[in-house]
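A quick write-up on the structure given underneath.
The values are calculated or read from the model by the stated rules, or taken from the named source; none is laboratory data. From a predicted model like this one, the values you see are computed outputs, not experimental measurements. No Cβ is skipped: glycine too gets one built from the backbone with ideal geometry, and neighbour counts run over all protein chains shown. When the accessible area is computed, the model is the full protein with side chains, heavy atoms only, and any ligands, DNA or RNA have been set aside. Shrake-Rupley method; radii C 1.70, N 1.55, O 1.52, S 1.80 Å.
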Amino acid sequence: MGKVLMKGNEAIAQAAISAGCEGFFGYPITPQNEVPEYMSKYLAKSGGVFVQAESEIAAINMVYGAAAAGARVMTSSSSPGIALKQEGISYCAGAQLPIVIVSVSRGGPGLGSILPSQGDYNQATRGGGNGDYRVIVLAPNGVQEATDMVRHAFRLADTYRIPVMVMADGIIGQMMEPVEIDTTPIPKAANLWAATGKGNRDHLNVVNSMHLDSVELEDHNILLNNKYLEIVKNEVEYEKFLSDDADVLIVAYGTPSRIVKSAIKTLREEGIKAGLFRPKTLVPYPYDALHEASKNVKFVLCAELSMGQMLVDVKLAVNGIVPVHFYGRTGGIIFEPSEIVNAVKSHLGGK
Amino acid sequence: MKSIKLVCAGFGGQGVLSMGQMVALMAMKKGFNTSWMPSYGPEMRGGTANCQVVIDDAEIASPIIAEGITLLLAMNQMALTKFQPKLEKGAWLIVNEALVNTDEVPSDVHVLKVDFNKIASEIGNPKVQNMAALGSIAAQLDIFDKQDGIEIIEEKFGMKNPELTKLNQKAFEVAYDHH
């Protein structure tokens, strides 16, 4: 397989099919429409099932049902659509179902706009579903990484029996880049827990999120939390760029991190030692690594396409050892490298 | 190399989006990093459609061209008005002479005027004007030669429509040789 020029949304869909996705349930919303469009065209050809549901809520519950029956499944949507799916995501997390959710985020709140945004950081990392649960969240910075992360998402979902969200943004969804999609099928974990029919088994497999007995529910919550702690131990991923000798550390994720990289090059040309710290996993967040990376800098600048959501996690990571500043744009406006350069300079003061 | 930041803009229907894709495809085949980003959403209806293509031998920092356009293709006046302020000094501007007035373009921008409408009508098919524009762009960028364009057109249209492929290649060549 050589490189092909593909739109992010289509590449995401193809990566899922190549990974061995068996069922896709979705509902249209811009800017992710090419994901279901591509799935509707090609998933059935590789033996999978595509359903355009009557709503986002129906789609996530179909995902629940199919995953409970042991199928490898995925859904995709964008901000307001992901909001509608939150109840179902909580149920999937409670029932420990391995599912993949692709979120191609746009402007908000409410209907907002269809332009790129990172205003759904809290939605993705904290979630809007009820209860004590976590969802793994991966944040790609381009088309290639989006396809790699979709594959990784299926792997993680299987390994930990947990919902995994790939949080792209409208830029990744809409842009074309050369991409080489890994077409090796990902072996499916033995899902001995799935409701596949009793057959010769001596017990019933029940997929459920309800535990009315308090001790039983606490045990269940502890089990979910232990699983999360295991994920924290094993699955944190991040990228550092020119950060080892940096005086200024900029934290950014997704496509905006590439704009920050270009700002860092300009800053370096002007003699200001800036570096980038890019979380690739938003959950689990690289708290320890970011803390370590900020030890020798003058300050940390968190740059997001929001009014400051990841900022909270950056502050938790830095934990007061150096000042943390913020720069953000919203509404579909994407900051320019020069804005980041100016923000850094303004915090450096008279130098 | 200095990063190439190309913006192609025109009316919806002038084929600027697919033409930009072909530039990105040519760059990819030459082994460069590249990205293609369309304008999408409400502004596509009625107004200008545009796409941004970045080509670099290093990793592409930003697929969004916020500033410092190095090459602008303006297929109509609105396209020029919208993107002229973002041209860097010494940038190249290719305009569709039939529809674009360049009186207010600053003197530090190189202007190439090509009448894409005329090229297309002489070839006998208005559809080929975007491939003529591709010819002007390819001629302007050192990384491409004539053969790259001929091949990409063959690859893109060859199987589907051999007749149109020939006309597209002709339009490409006429514009490529124009200056």
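Couple of notes before you dig in:
- Among the residues of this structure, B:Val95 counts as one that is outside any helix (DSSP H, G or I) and modelled with pLDDT of 95 or more.
- Checking each residue in the range A:29-63 for being assigned to a loop (DSSP other than H, G, I, E, B) and within 14 Å of chain B (Cβ to nearest Cβ) picks out A:Ile29, A:Thr30, A:Pro31, A:Gln32, A:Asn33.
- Any pair with Cβ under 6 angstrom, 6 or more apart, that starts in the range A:122-135 at a residue that is over 15 Å from A:Tyr228 (Cα atoms) and ends at one that is open to solvent by 60 Å² or more (accessible area, probe 1.4 Å): A:Gly129/A:Glu87
- Residues in the range A:247-292 that are within 13 Å of chain B (Cβ to nearest Cβ), closer than 22 Å to A:Met167 by Cα and of a type in the set (D, E, K, R): A:Arg258, A:Lys261, A:Arg278.
- From A:Ala153, A:Ala157, A:Ala189, residue being out of contact with any His (no Cβ under 6 Å at 6 or more places or on another chain), over 15 Å from A:Ser77 (Cα atoms) and open to solvent by 30 Å² or more (accessible area, probe 1.4 Å): A:Ala189
- Residue check: B:Ile69 meets all listed conditions (1) in contact with a strand residue (DSSP E or B) (Cβ under 7 Å, 6 or more places away or on another chain); (2) more than 25 Å from A:Ile340 (Cβ to Cβ); (3) of a type outside the set (Phe, Trp, Tyr) but one, namely (2).
- Annotation: of all residues in the range B:122-159 being surrounded by fewer than 17 Cβ atoms within 10 Å (Cβ to Cβ) and among the hydrophobic types (A, V, I, L, M, F, W, C), the one that is modelled with the lowest pLDDT is B:Met159.
- Single match in B:Gly135, B:Gly90, B:Gly68 (criterion: free of Cβ contacts under 8 Å to residues at least 60 places away in the same chain and on the phi > 0 side of the Ramachandran plot): B:Gly90
- Looking across the range B:99-121 at every residue that is touching a helix residue (DSSP H, G or I) at 6+ places or on another chain (Cβ under 8 Å) and farther than 26 Å from B:Gly68 by Cα, the one that is most open to solvent (accessible area, probe 1.4 Å) is identified as B:Asn117.
- Looking across the range A:267-308 at every residue that is open to solvent by less than 20 Å² (accessible area, probe 1.4 Å) and in a loop (DSSP other than H, G, I, E, B), the one that is farthest from A:Gly119 (Cα to Cα) is identified as A:Val297.
- Odd one out for B:Leu164, checked against (1) in contact with a strand residue (DSSP E or B) (Cβ under 9 Å, 6 or more places away or on another chain); (2) of a type in the set (A, V, I, L, M); (3) without any contact (Cβ under 8 Å) to a residue 40 or more places away in the chain: (1)
- Taking helices (runs of 4 or more DSSP H) as the structural unit, those lying wholly within the range A:101-184 and holding at least 3 residues that are within 22 Å of A:Met6 (Cβ to Cβ) and of a type in the set (Val, Ile, Thr) correspond to A:143-160.
- Leading residue by the ranking (nearest to A:Gly275 (Cα to Cα)) among those in the range A:311-347 that are within 14 Å of chain B (Cβ to nearest Cβ), open to solvent by 60 Å² or more (accessible area, probe 1.4 Å) and within 24 Å of the chain's Cα centre (by Cα): A:Arg329
- Answer residue from the range A:213-243, given it is farther than 22 Å from A:Val164 by Cα and touching a residue at least 24 places away in the same chain (Cβ under 8 Å) and is least open to solvent (accessible area, probe 1.4 Å) among those: A:Ser243
- Of everything in the range A:1-28 that is in a loop (DSSP other than H, G, I, E, B) and surrounded by fewer than 21 Cβ atoms within 10 Å (Cβ to Cβ), the residue that is farthest from the other protein chains (Cβ to nearest Cβ) is A:Glu22.
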